[in-house]
1. Please find, among Gly77, Gly16, Gly48, Gly35, the residue that is at positive phi, outside the structural domain of Pro418 (by TED's automatic domain parsing) and touching a residue at least 40 places away in the same chain (Cβ under 8 Å).
2. So which residues in region 23-32 are part of a loop (DSSP other than H, G, I, E, B) and either farther than 10 Å from Glu8 by Cα or in contact with a Lys or Arg (Cβ under 6 Å, 6 or more places away or on another chain) (or both)?
3. So for region 238-253 (the condition being in contact with a Ser or Thr (Cβ under 7 Å, 6 or more places away or on another chain), part of a loop (DSSP other than H, G, I, E, B) and not polar (S, T, N, Q)), does at least one residue qualify?
4. If you scan region 389-408, which residues turn out to be out of contact with any helix residue (DSSP H, G or I) (no Cβ under 8 Å at 6 or more places or on another chain) and either aliphatic (A, V, I, L, M) or within 17 Å of Leu284 (Cβ to Cβ) (or both)?
5. Search region 156-199 for residues being surrounded by fewer than 16 Cβ atoms within 10 Å (Cβ to Cβ) and touching a Gly at 6+ places or on another chain (Cβ under 9 Å), and hand back the single one that is modelled with the highest pLDDT.
6. Can you tell which of Leu408, Leu374 is touching a residue at least 24 places away in the same chain (Cβ under 8 Å) and either out of contact with any Cys (no Cβ under 8 Å at 6 or more places or on another chain) or closer than 30 Å to Pro157 by Cβ (or both)?
7. Which residue pairs have Cβ atoms under 9 Å apart, sit 6 or more places apart or on different chains, and have a first residue in region 203-216 that is touching a residue at least 40 places away in the same chain (Cβ under 8 Å) and a second that is surrounded by 19 or more Cβ atoms within 10 Å (Cβ to Cβ) and not aliphatic (A, V, I, L, M)?
Amino acid sequence: MPRTVEVEVVGQTDEGYGFGTAAGRMCVVKGALPGEMISACVLGKRKGQIVAIAETIQTAVDERTEPFCTVFPRCGGCSTQQWEYREQLRFKERWVRHELSKHELLCESFLPTQHGSTTGFRRRARLGVRWVDKVGSAYVGFRETFGSYVVDMNMCPTLVSGLAELIGPLRDLVTCMSTPKRIPQVELVAGDKVRALVLRHLDPLSAKDLKLLSAFSNSYDVWVYGQSGGYETITRHFPSGDPDAKLAYELSNFNVSLEFGPNEFIQVNSEMNHLLIAAVLKGLDLESEDRVVDLFCGIGNFSLPIARTAKSVLGFEISETAVGQARRNAERNNLSKVARFLVSDLYRPTDHELTKRDYKMLLDPPRSGAGPELARFADRAKRVVYVSCNPTTFAEDAAVLDQIGFQLESVQVFDMFPHTSHVEVVGSFGRL
């Protein structure tokens, strides 16, 4: 197979990559747009297709713009930097509309897409670490597109500044550690006032390593955690003090403050999270006597703002750790009498006395969707608000709700991850 191929780009994948034909095969090209003629650098094959990155743009379309990052498109952190931002937003809305159309679902109101800052928005990132013998150094960064190698980078413009500036120093830190080849990844996360890193290490940390980590913590004012195995092994090493102290963020518009552990799920884009919560509250149309069931509630990101208005909130979540944190967050906000949280596998039959009454329902499931119990949970619901990160499963579940008597009243896209194909969507459903 040639290293470079000429491709006439005729379409676009759900990931935002261009595609055409090269050497008699389908060729998927990152950094290319439909209507362009390009020279592409072949990286290999995936599922029988040639995969490549755009190298030379021979004929460009008007929607092309100059990427703002020097490691795009080789870096796998972003997928569509070459595309004007307004076109990225239209692409995401078209995707949602297309998925709904597959199920012949009609929406009363498709609201304008919500978007915010296009750089400096990510407050969490999982970065790969790789030792490179030929340079005698470790690389710390996102994985390469269509591959497992780590991109050599010193910062990332999509991260909040407090995290972006740590990448270069982290490279130097890992390079100096006892067994840098045995450190596969580092996770960065920022609360409102504290930033942290979780260092995954396959060998025990030496006295030298701990000394280096202590100095790094002091120099960069960052909490340093180690992880020797599963999530249960995450331990804070530096700074010393209360080992149970947590990161936190404020939802000032809703008079709520949330603590979270370094491995617990949070909405990565703080600006968009505020807008997302506002949309959820509007969709639920809350009144003071409402009972609300929150499925896949996590640490209470939606539950507790809801509890400021509703009579009661019952949150379900499979993670015992997340439920424990949600309960502590309820206490922290003096809402433990209003908001209750239960450990439950929502993909299996779940029963509770409060679900036998009429209620309003919020769900924010993983990419796989709400699962087979959706219809049973929604049976007693007066209204449903569905937050989704996957337009395909959102539409599938919307069809289930449609079949049991709900009308899709509004849909709105939220651009949580600019320059990627990630789509966040909120759908509000009312009874027919």
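The values are calculated or read from the model by the stated rules, or taken from the named source; none is laboratory data. Keep in mind that this is a model prediction, so the values were computed, not measured. Ideal geometry is used to build each Cβ from the backbone, glycine not excepted, and the neighbour counts take in all protein chains shown.
1. Details: Gly77 fails: at positive phi; Gly48 fails: touching a residue at least 40 places away in the same chain (Cβ under 8 Å); Gly35 fails: touching a residue at least 40 places away in the same chain (Cβ under 8 Å).
After applying the criteria, what remains is Gly16.
2. In the first step, residues of region 23-32 are kept if they are part of a loop (DSSP other than H, G, I, E, B); the result is 23-24, 31-32.
Passing the criteria: Ala23, Gly24, Gly31.
3. yes
4. Ala399, Gln407
5. Pro184
6. Every option except Leu374 fails the conditions.
7. Sorted first by the residue in region 203-216, then by its partner, the pairs are Leu213/Gly226.
Residues checked against (1) under 24 Å from the mean Cα position of the chain (by Cα); (2) not assigned by TED's automatic domain parsing to the domain that holds Lys356:
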site: His237; (1), (2): no, yes
site: Pro243; (1), (2): no, yes
site: Ser252; (1), (2): yes, yes
site: Glu287; (1), (2): no, no
site: Asp290; (1), (2): no, no
site: Asn301; (1), (2): yes, no
site: Pro305; (1), (2): yes, no
